[in-house]
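Worksheet: the structure to be examined is printed underneath.
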Amino acid sequence: MDMDFVAEKGLVLLGCGKMGSAMLQGWLSDGLPPSSVWVIDPNPSDWLKNTGVQINADNLPAAPGIVLIAVKPQMMGEALPSLKKMGNGVTLFISVAAGTPISAFEAALGSESPIIRAMPNTPAAVGRGITSIIGNVHASSAQLDLAEALLRAVGQVVRLESEDQMDAVTGVSGSGPAYVFHMIECMAKAGEAEGLSPELAMQLAQATVAGAGALAEAAEETPSELRVNVTSPNGTTQAGLEVLMDEENGLPDLIRRTVGAAANRSRELRNG
Ligand SMILES: NC(=O)C1=CN([C@@H]2O[C@H](COP(=O)(O)OP(=O)(O)OC[C@H]3O[C@@H](n4cnc5c(N)ncnc54)[C@H](OP(=O)(O)O)[C@@H]3O)[C@@H](O)[C@H]2O)C=CC1
Ligand SMILES: O=C(O)[C@@H]1CCC=N1
């Protein structure tokens, strides 16, 4: 089973906001035909309307290959009943919702339904996402392979050992792009404060984060070694890192609390 299966059997996307659009953008760029995609969303964006996919159409396939659920966890109770008629044991359901456990989908879609819980991130829009997945007992290894093939089209895929890992995963990679975007904003603002124009400061900050990320992935050295390579003894980087790496007020504690707060919110969302 692979992307051809998805193109042949059809993909239904329930909710096409920021995350659904990011993934759909990646799949369409990867060659998934728009005619194979049905989107259910009350307020389709202009971008979506121009993709050629079928939006809020009456001719939904009775047994699509995949239904991807990308509505907010708070909308789940209202949105899931529209999918119940597809809970036929054949269609594979993939949810990207933070917090909502597999058991909630089993309750709404039928306890025999194959369900995969996934946590992607928005760099999927440019094929650079990372998605962690775990299936329920009815998701066969072929269906996990199918989900992995679909999600690999928009970045890396990791298989989890336990659904419990999903809260921490959400805190690190699901929400993580927002932390990095904020880092870019902060670096650009700091550059402005040091006298650069807003445009130049933003260009420097964006390229530095993108370049450092690419190097961290491509290099044989660990991120710690790469950091040391930038840091000349008693030079400029050392002066900066003494502030950033401060044990009490520096980034390590701040990031620990940031990821912890996101993971805790994911745990709270589990209870509705
Ligand atoms: N954004 C991200 O980076 C990530 C998000 N996620 C998960 O993805 C899911 C979607 O998040 P995100 O894309 O950010 O949220 P958005 O609000 O951008 O998207 C949700 C979409 O679902 C639509 N919608 C609301 N009710 C229904 C319904 N009954 N049937 C069909 N569609 C409906 C919304 O329409 P309207 O706006 O009109 O209400 C909206 O377009 C969440 O569960 C989130 O946890 C996971 C990983 C990363
Ligand atoms: O903020 C959220 O709840 C979602 C889940 C991960 C990223 N965005």
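With all protein chains present, how much of the accessible area of the range 1-94 (probe radius 1.4 Å) comes from carbon and sulfur, to the nearest whole percent?
The computed percentage sits at 53.
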Exercise. Under a straight-distance cross-link criterion of Cα-Cα below 17 Å, which lysines are reachable from residue 85, leaving out those fewer than 8 residues away in the same chain?
Worked result: 9
Exercise. Under 5 Å between amide H atoms, partner at least 5 residues away or on a different chain: which partners does residue 67 have, H built in plane at 1.01 Å?
Worked result: 12, 92, 93, 94
Seminar exercise, completed: PRE zone check, label point 7 Å out along Cα-to-Cβ of residue 212, amide N under 16 Å, scope the range 230-272, hits 230-232, 236-246, 250-256
Seminar exercise, completed: Once Lys and Arg are counted +1 and Asp and Glu -1 for all other residues with Cβ under 13 Å from that of residue 139, the total becomes -3
Problem set entry | Ranked by how many other beta carbons lie within 10 Å on average, peptides 101-113, 119-131 from highest | 119-131, 101-113
Seminar exercise, completed: Here the net charge surrounding residue 99, from other residues whose Cβ is less than 12 Å away from its Cβ (Lys, Arg +1; Asp, Glu -1), is +2
Seminar exercise, completed: The alpha-carbon center of the range 1-73 and that of the range 100-129 are separated, in whole Å, by 15 Å
For this session: May I ask you to give the percent of accessible area on the range 123-270 that is carbon plus sulfur, with a probe radius of 1.4 Å?
Result: 58 percent
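Counting heavy atoms of the protein chains only and a 1.4 Å probe, report the per residue accessible area for the chain as a whole number of Å².
On the way: 14500 Å² over 272 residues.
Normalised by residue count, the accessible surface of the chain is 53 Å².
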Exercise. Taking every eigenvalue of the Cα gyration tensor of the range 176-270, multiplying by 5 and rooting it, what semi-axes result, largest first, whole Å?
Worked result: 25, 19, 16
Exercise. Hey, can you rank 17-27, 202-212, 138-148, 224-234 by average C-beta count inside 10 Å, highest first?
Worked result: 17-27, 138-148, 202-212, 224-234
Exercise. Rounded, prolate or oblate: which fits the range 3-168 when a ≥ b ≥ c are the square roots of the eigenvalues of the alpha-carbon gyration tensor, with rounded for a/c under 1.5 and prolate only if a/b beats b/c?
Worked result: rounded
Problem set entry | Residues of the range 228-265 with amide N under 19 Å of the 7 Å Cα→Cβ point at residue 193 | 236-255
Exercise. Order of 177-190, 244-257, 32-45 by packing, highest average Cβ count within 10 Å first?
Worked result: 32-45, 177-190, 244-257
Exercise. In the neighborhood of residue 269, defined by Cβ-to-Cβ distances under 10 Å, what is the net charge if each Lys or Arg adds +1 and each Asp or Glu adds -1?
Worked result: +2
Exercise. Hey, with R₀ at 41 Å, roughly what FRET efficiency would residue 247 and residue 43 work out to, going by the Cβ-Cβ distance, to 0.05?
Worked result: 0.30
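The values are calculated or read from the model by the stated rules, or taken from the named source; none is laboratory data. Just so it is clear, the structure is predicted and the values come from calculations on it, not from any experiment. Heads up, the Cβs are rebuilt from the backbone with ideal geometry, glycines too, and the neighbour counts pull from every protein chain shown. Side chains included, ligands, DNA and RNA excluded: accessible areas come from the protein's heavy atoms. Shrake-Rupley method; radii C 1.70, N 1.55, O 1.52, S 1.80 Å.
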